[in-house]
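FYI, it's all coordinate maths here, none of it is from the lab. As the structure is a prediction and not an experimental result, all values here were calculated from the model. Please note: Cβ atoms are built from the backbone with ideal geometry, for glycine as well, and neighbour counts cover all protein chains shown.
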Amino acid sequence: MTKALIFDVDGTLAKTEEAHRQAFNDTFRAAGMDWHWDVPMYAVLLKTTGGKERMAEYQKTHRPIGPQLDWQQIKTLHAQKTARYVEILATGGLRLREGVADLIKRATAAGLRLAIATTTSRPNVNALTACCWGKTPEDIFEVIATGEQVKAKKPAPDLFQLALEGLNLPAADCLAFEDSRNGLLSATGAGLRTIVTPGRYTENDDFTGATSVIPSLLDFRIP
Ligand code: XBP
Ligand code: MG
C-alpha cells in the first residue's frame, strides 16, 4: 500500500519553466550580457538539470569563444537569477497544474505522507508554495529535498533517496510524481514507482520505465 507521495516541483506541481526562463534572461540582461534563451534553445538546455550546470553547459556548447565565466561567476549570476525568480513568482501569476491541489488534499485526508524531491533550490520552493497555496512548504510537505542538499542532481537518484531517508520509508511504500525523463530516471533509480505528467518542454521525452504516463493529475486515483 502507498504510504507517501514524493513530488517533483518544476513542471510537476506547476509549469514553472517559463518563469525560470524569464528569470535567466532578465539576469543576463541586467548583467550586461548578450545571452538570451528562447523557447527552442531552452528546450535543449533543460536536458541539463540545475541552473548553474545549465549555464555552464550553454557556455561550453554555444559560447566557447571569448571571455569565459568561471564557476564563481556562474554561482553569483545564479543567485541573482534565484532572486529574480522569487520576485516573478511574488507577482502571483503562477497556478498549480490541474489536479495537483485536489490530489494533495485527498492524500492528506487519507493520512498519506508528502515529500518533495526537486533539483531547484529552497528559496524557489518557498516562493512556489507561497504563490500557489499561500503557505510555507512545511505546511504542506513533511520532507523537502532540494538541489543544494545533494552532490549529484537528477537524473542521479540522490534527491529521491534523500526524500526516502527523510520519510524513513522503503521505496516500495512510496509513489513519485515527475514530468521529465531526467526526473523519471532519478525516481526509478531510487526504486520508486513513478507517475509522469509531461509538459510542453518534456512531451517528447522517453518515459520508458514509468508506472504510467498521464496528461494531468486530475482525478488520479492513489494506488
Ligand atoms: C528542474 C531544474 C531546475 C530548474 C531551474 O528540474 O532542472 O534547474 O529548471 O531551477 P526538476 P534552478 O523539475 O527535474 O527538478 O535554476 O534553481 O536550478
Ligand atoms: Mg520537473
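The figures follow:
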{"item": "Extension gain (nm, one decimal) between A109 and D26, 0.36 nm per residue minus Cα-Cα", "result": "25.8 nm"}
{"item": "Residues of type lysines that K3 reaches as a straight line, Cα spacing below 20 Å, ignoring anything fewer than 8 places off in the same chain", "result": "K105"}
{"item": "Whether region 100-178 is rounded, prolate or oblate, judged on the alpha carbon gyration tensor where a/c under 1.5 counts as rounded", "result": "oblate"}
{"item": "Range of Cα positions in region 91-223 per principal axis (Å), largest first", "result": "35, 30, 30"}
{"item": "For region 17-90, the spread of Cα positions along each principal axis, largest first, Å", "result": "37, 24, 20"}
{"item": "Radius of gyration and Dmax over the Cα atoms of the chain, both given in Å", "result": "17.1, 57"}
{"item": "Stokes-Einstein D for region 89-135, Kirkwood Rh over Cα pairs, 20 °C, 1.002 mPa s (µm²/s)", "result": "181"}
{"item": "Ranked by how many other beta carbons lie within 10 Å on average, peptides 91-104, 148-161 from highest", "result": "148-161, 91-104"}
{"item": "Highest to lowest packing among 208-214, 110-116, scored as the average C-beta count within 10 Å", "result": "110-116, 208-214"}
{"item": "Peptide ranges 197-206, 59-68 listed from the most packed, as the mean C-beta count within 10 angstrom indicates", "result": "197-206, 59-68"}
{"item": "Under 17 Å from the Cα of K151 - lysines, other chains or at least 8 residues apart", "result": "K52, K75"}
{"item": "Between helix 71-90 and the chain: long-axis angle, C-alpha atoms, 0 to 90°, nearest 10", "result": "60"}
{"item": "Region 10-72 and region 163-199: distance between their alpha carbon centers, rounded to Å", "result": "26"}
{"item": "Computed label-point distance, nm, for sites M41 and N168 using a 7 Å Cα→Cβ extension", "result": "4.9"}
{"item": "Convex hull projection area averaged over all views, region 21-153, Cα basis, nm²", "result": "9.1"}
